[in-house]
Amino acid sequence: IGYVGTRSNHPFGLLTNGTPKLYITTAGNVGIGTGATVNRALEIAGNNNGGVKANYIRITDTDTSATADNQAGGIEFFTNDVTAGIAASMEVLYAGSGGGGEITFNTAANSSAGVVEAMRIDENGNVGIGTTSPASQDASANNLVISDTAGNGGLTINTPTNAIGAIHFSDGTSG
């Protein structure tokens, strides 16, 4: 194994054109575009003025023949607490031909159980909680679908004692 770095208790940095671009602190935190101050295990800094997306992270799937529900990328949250495993994840799935995408949010009751889909935002912006296909519901009202296969689906609005919980319906001509 070859190494590049410091042998003393000093941070390590990489330069391009004489300008620092990447830092690794003595604690092991990695900063890209941050300068010498890195506050998290991985921190990316950049000026997004003008829509340049300077501090975006891109995950690229090189599969050119993906079909609906194939993963395009994701983020997993792994824990070593008690039982090691994935505690939650977020995935982007192909919506089918044309390159559209859906986002799923996945949770686990415990890290050894494996994650299951809890919520999906489909390629049309419809949100499904407890359903993987919110668009398959009544097309006139499928922007938010709450489903429970056990028959106990519902919506709860919980407010403090002196407040009012409400759902307002509008026909688009009045608030």
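Before moving on, here are some points about what is shown:
- When the solvent-accessible area of region 6-135 is split by element, carbon and sulfur atoms take up 52 percent of it, the probe being 1.4 Å.
- Solvent-free Debye calculation, one equal scatterer per alpha-carbon of the chain: log10 I(q)/I(0) at 0.09, 0.15, 0.18, 0.20 Å⁻¹ equals -0.57, -1.14, -1.24, -1.29.
- Across the chain, Cα pairs under 8 Å and at least six residues apart give a relative contact order of 8 percent.
- Accessible area in square angstrom per residue, the chain, 1.4 angstrom probe: 74 Å²
- Remark: region 1-125 carries a charge dipole of roughly 780 debye about the Cα centre, counting +1 on each Lys and Arg Cβ and -1 on each Asp and Glu Cβ.
- For region 15-120, the residue among Ala87, Phe105, Asn48 whose Cα projects farthest onto the positive side of the dipole built from Cβ charges is Asn48.
- Computed over the alpha carbons of region 85-173, Rg followed by Dmax gives 16.0, 51 Å.
The values are calculated or read from the model by the stated rules, or taken from the named source; none is laboratory data. These numbers come from a predicted model, not from an experiment. Methodologically, a virtual Cβ is constructed for each residue, glycine included, from the backbone with ideal geometry; neighbour enumeration extends over all protein chains shown. Just the protein is used for accessible areas: all its heavy atoms, side chains included, with ligands, DNA and RNA removed. Shrake-Rupley method; radii C 1.70, N 1.55, O 1.52, S 1.80 Å.
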